[in-house]
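Trainee: Please see the structure below; I have some questions.
Values in this text are rule-based calculations from the coordinates and carry no lab data. Since the model is a prediction, treat every value here as computed from it, not as a measurement. Cβ atoms come from the backbone with ideal geometry, glycine included; neighbour counts cover every protein chain shown.
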Amino acid sequence: MPDKAYQTLRPLARIFPAFYRFRHKISDAKLEADRATVNTALDRIEQERQGRAYLVGDAFTVAHLTAAAILSPLLQPAEIQYPLRVELPPYLQDYRATLLQHQATQWAAGIYRLHRGRSAEVSRRPDRVAQQVHSNRDRM
């Protein structure tokens, strides 16, 4: 998203979470159930991988591309085409940090690094987001 769009939307940052929860009928119970679903999916990736470097066979496949692409917004690898340009609220930072400890997310980050070149679309990240992402990555 262009800088001007972010500047225009910035005032909505305070009200958008409440609107989004209302619009999509998000409750604490539903949120916990959804988090359990994410954990189950990550466990499934790890179960399928069985400690191997690849999910299927011994080379990069569409399965790896899919896993890395789906997890990339969470992982925020340096190679991502469209990095986060806003700081996550503390509760999401904590949840993200927890997920980044999972073996499946660590594996996916490695697949991303190994098989994704630097995008021509990647521009310099805002310092706060870059520091947050890199400090979480260093803990892995």
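Trainee: Would you calculate the separation in nanometres between label points at Ala69 and Thr8, each defined as 7 Å from the Cα along the Cα-to-beta-carbon direction?
Mentor: For the pair Ala69/Thr8, the computed spacing is 2.8 nm.
Trainee: Continuing with the same structure: Loop-only check: which trypsin sites (Lys or Arg not before Pro) in the stretch 1-75 are DSSP coil with at most 15 other Cβ within 10 angstrom?
Mentor: In loop regions of the stretch 1-75 (DSSP not H, G, I, E or B), the sparsely surrounded trypsin sites (Lys or Arg not before Pro) are Lys25, Arg52.
Trainee: Quick query: amide H of Ile26 versus all other amide H atoms, modeled in the peptide plane; which residues come in under 5 Å with a sequence gap of 5 or more or a different chain?
Mentor: When sequence neighbours closer than 5 places are left aside, there are no close amide H contacts.
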